[in-house]
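K.L.:
The structure follows.
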């Protein structure tokens, strides 16, 4: 009986010590009211045991919600030296695990291939003060905004799962290259012009007259020759002047025709060689138009030709 009493008293003492370690008041064997086991910490800057228990519980809830940054704040509380040993052990282990599972990102902002130190970076609306270190964030989607005047801001949506650390966010700005001044526009070239020596109109009738004169000379000379042959067979050597009259007339007309023709040809040559020079605009083109012509109520097909040219 005495041994059973001692065993019961021992178990009660162990249970009470455990409850005291957990910060829970326990009833004494005499049935007195529970008394607070929490004692004020010797260092006021250290959390109390109740605060340690609350931080321990909050850390677990935040982990379920993937709020790892907030969880880390609670773990720093419950891992303080004033907390119970079991709680310190749990929170210390969770801090080590959290270091490996919390995602983070690093930034590379460049301007024309060089680091842009004046760039401003914000994540989810919060500015990033130090871009030399990795920025820890909660898992999920994050809005990254990079500003570098005078350029337009750059926005990116970044999704980071648990465990993805040192995610590189790279943004490149390129300054507009100064464009060379446009070359002066040369005035349009003058229309092509050519120096020509047009043939005077008088040359053509002179040529016609010359050819006609030479042709007449040949024809009348032939007639005179025929008449001469006839006289040689009829009356030679006793031909009278009256017999020679027709022959002389043909020969005379032929000589006159030859002289006129030769003079006309010489005149045409002189006029052609002495013709003046002038400029001609080659942009003037000869144009032709073809189209139907309507007559009255009925249309009949016809061709119309028009030409214009500067001479």
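K.L.:
Answer yes if at least one residue in the stretch 150-170 is surrounded by 14 or more Cβ atoms within 10 Å (Cβ to Cβ) and free of Cβ contacts under 8 Å to residues at least 40 places away in the same chain, and no otherwise.
P.N.:
Yes, the conditions are met somewhere in the stretch 150-170.
K.L.:
Related question: If the requirement is being touching a helix residue (DSSP H, G or I) at 6+ places or on another chain (Cβ under 9 Å), farther than 30 Å from residue 193 by Cβ and modelled with pLDDT under 85, which of these qualifies: 234, 275? Before you say what the answer is, go through the steps one by one.
P.N.:
Details: 275 fails: farther than 30 Å from residue 193 by Cβ.
Result: 234 is the single residue among 234, 275 that is touching a helix residue (DSSP H, G or I) at 6+ places or on another chain (Cβ under 9 Å), farther than 30 Å from residue 193 by Cβ and modelled with pLDDT under 85.
K.L.:
Report, by residue number, each residue of the stretch 105-127 that is surrounded by 17 or more Cβ atoms within 10 Å (Cβ to Cβ) and either in the same structural domain as residue 66 (by TED's automatic domain parsing) or within 26 Å of residue 70 (Cβ to Cβ) (or both).
P.N.:
105, 107, 121, 123
K.L.:
From the set of residues in the stretch 198-231 that are in contact with a helix residue (DSSP H, G or I) (Cβ under 7 Å, 6 or more places away or on another chain) and part of a loop (DSSP other than H, G, I, E, B), which is farthest from residue 274 (Cα to Cα)?
P.N.:
202
The values are calculated or read from the model by the stated rules, or taken from the named source; none is laboratory data. Source: prediction; values computed, not measured. When we count neighbours, we look across all protein chains shown, and the Cβ atoms used for this are built from the backbone with ideal geometry, even at glycine.
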